[in-house]
1. Using the Karplus curve 6.51 cos²θ - 1.76 cosθ + 1.60 with θ = phi - 60°, what ³J(HN,Hα) values do you get for each residue of segment 157-171, in whole Hz, with x for Gly and Pro?
2. Once the piece of chain linking Ser299 and Asp560 is laid out straight, how much longer is it, given 0.36 nm per residue of separation minus the C-alpha distance between them?
3. Hey, of (i) 13; (ii) 31; (iii) 8, which did the structure itself give for percent of Cα pairs over 49 Å apart when calculated?
4. Please report the carbon-and-sulfur percent of the accessible area for segment 283-405; probe 1.4 Å, protein heavy atoms only, DNA, RNA and ligands left out.
5. Taking a 22 Å limit on the Cα-Cα distance, which of the listed pairs Lys131/Lys333; Lys76/Lys409; Lys76/Lys522 fall beyond it?
6. If you take the alpha carbon radius of gyration of segment 158-219 and divide it by 2.2 N^0.38 Å, what ratio comes out, to two decimals?
7. Using a Cα-Cα cut-off of under 23 Å, which lysines could be cross-linked to Lys65, ignoring same-chain neighbours fewer than 8 residues away?
8. Mind checking which aspartates and glutamates have their C-alpha under 14 Å from Lys542, skipping anything on the same chain fewer than 8 residues away?
Amino acid sequence: MAAFRIAGFSGLVPRLAKQLLAPNQAQVATNCNLTSGDLRPRNGTKHVFSPVIESDIQSMFRMEKGGNEKWLAWDKDVDVARSPIAGNTERRFYYTGDGEPRVSDYDTATTGLGPYPSGCFVLGVSPPVTKPTVVASGGSGVSVTRSYVYTFVTPWGEESAPSPASTLATGNETGATWALSGLDTAPPNSGTVTDAIKDTPSAGYVTVTLNSVFGLRAYEEVTFASVAGMTDLNGKFPLASVNAATNEVTIILSTAQTYTSGGTWTRVAPHNTSGMNKRIYRTLTTSSGTEYHYVVTISAITTSYSDTATDETVALGEVLPSTTWLMPPANMKGIIIMANGIACGFFGNEVCFSEPFKPYAWPVAYRQTYDQDIVAIGVTGTTLVGMTQGNPFTITGVEPVTMGGGMEKLGVAWPCMAKRGVASFAFGVGYPAPQGLVIIGAQSDIVTKDLFTLKEWGDLNPDTFIAATADNRYYGGYSADDSNLMFVIDKAENASFIKINQGVTAIWADPWTGKLYVAIDKKIYEWEGDPGTKLSYEWKSKRFLTAPPLNYGAAKIDADFDMTEAERSGASSSQAAIIAANQALMASGEINDGLADPALGEYEIGGDALASLPPLSIDSLQFQLWANGSLKFTRQVTSTRAFRLPGGYKSDNIEVVLSGNVKVNGVVLAETMDGLKGA
């Protein structure tokens, strides 16, 4: 007597025909949690923050200090890296993608009501550009020759590269005074506009003359204001070029307006100059050769200094450490922290590395170039993985000077189709390629090759992927028909594939807590953070074929209809929280339920801003039986008791559909009720 059981539920395998699927694989798997083999509903999302942001959230980051939590959010692709420095009590962090590379900390980034980050500094320290003038006088003894340099040091202890060396000066060895003058003050963060002209024949460019361009670089962002005549210039622009000789900057702007007068400029990411100092160094000949040794620290606003220190005193001073410590390239992106505190990023076809535990210092000598443009970078262990428009590469090491001797180019053309689709695991880095989801690690492979053909993979629009990892699994979303897919990939498991019908615009995994967060409708939620709310799932089995045709007359579902104490408590808490939020909206008159409200077009006709109440019980389970492609039977199941199926037909193909929010362990179908016992 024919009978069959469905157990060990799994996800979709789109490359296979519906009749060729394994007994536990699905044609449809939406909102399912299948990692334990049971068919379970996913927990609902838990709202954690509503950033003050006008557009959809594309990037987010959680800040915590002293038990207080704040969220940063951007409407663009931004990479954030926590500082690797010891004792990071200020919660310093670094980020790229929002203009030039920037640095901030908890207090600076979360000032005011938002949006956050509300404050930042440019990453790195701009070096002085003027060499000191040195004149020696007085003293006695033999003549000696010296050269001086000086550096800027921020209040955070970040030191710049040195100024140009002074012209060699000669004076007496003992008792002489070496007078330094002409020292730069800190680079300005704002100034005035003195002229603006539209470039010809370079249509679309405007050249702006400033009172000073000291500390400005191409790709950095500046805000112009109060410009008369050429009012199109008033706004925020990235600098296309900077000419230090003429104090001119160029921006991309098409305008027919003519500059009249006035105007100011302000850096969007200022230099960290409040309380900035200078360190002065001078040459000293030792057994190691001629070196620059530390002399003194003075305020950055001081433009002169008289050095009377003896060689014996200076010999005890630190040797100039920052000779090669430049700012990171202004167009660098993808910042990430590797082992040994090395920060890295990329621009064009170059990878950049910082000094260990000094993410503000980026020597040019540490850069490595590739023969293809880089799309994204990721880190696994001590290996940096570079994803490009063609072949990926790896760089392994813990010292930026050598980094394993250079890049190792992989001999496969697996182009990266989406930077936001990259996610790092303990065992490799995953990203979407035209061939499928690639993992680069100890064993590199296309891990979705058993799930998708090239056509089916392409139908998922992998160039729109966004991704993060949690519990060493890859969670990815894509844009197509207002739905999201989720991958679950684990080295100990086969890749599985399900769909989630929520419009997620960003995914981020907090490395401190291991929790996964998503952005939906300009709000941030903890993924599956609400155990009291269950998403309604749908799972459709393979097409089971029989010969000869049969009439299955009985079915039994092994399901768990009881709620746990945590689920009951969560359901009550979720309802109470939504009721309170709705009452607050009604009290403030912001439910947006009228045709004349500002939110017209955001909600359906007759709709409003009030949230729907989640159910207090988890007891919904619907069973459907399909035969020959037609729906034959539907039943709301409320217990594990067996039930009869309709007769009057025979079919050589059967499909089962389960939907609801109850955990299902298995399903059994048989020709008769007695036949269920042996299945």
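1. Values per residue, Gly and Pro as x: x, 8, 10, 8, 5, x, 5, x, 6, 5, 4, 4, 10, 10, x Hz.
2. Working: separation 261, 0.36 × 261 = 93.96 nm, distance 7.12 nm.
Separation in residues times 0.36 nm, less the Cα-Cα distance, equals 86.8 nm.
3. Computed from the coordinates, percent of Cα pairs over 49 Å apart corresponds to (ii).
4. Answer for segment 283-405: carbon and sulfur cover 53 percent of the accessible area.
5. Values: Lys131/Lys333 32 Å; Lys76/Lys409 30 Å; Lys76/Lys522 13 Å.
Distance filter (> 22 Å) returns Lys131/Lys333; Lys76/Lys409.
6. Details: Rg = 19.6 Å, N = 62, 2.2 N^0.38 = 10.6 Å.
With N residues counted in segment 158-219, Rg over 2.2 N^0.38 Å equals 1.86.
7. Those lysines meeting the cut-off are Lys46, Lys358, Lys515, Lys523.
8. Here the aspartates and glutamates satisfying the reach criterion relative to Lys542 are Asp652, Glu655.
The values are calculated or read from the model by the stated rules, or taken from the named source; none is laboratory data. If you're wondering where the values come from, they're calculated on a predicted model, not measured in any experiment. A quick note on method: Cβ atoms are made from the backbone with ideal geometry, for glycine too, and the neighbour counts reach across all protein chains shown. Heavy atoms of the whole protein, side chains included, go into the accessibility calculation; ligands, DNA and RNA do not. Shrake-Rupley method; radii C 1.70, N 1.55, O 1.52, S 1.80 Å.
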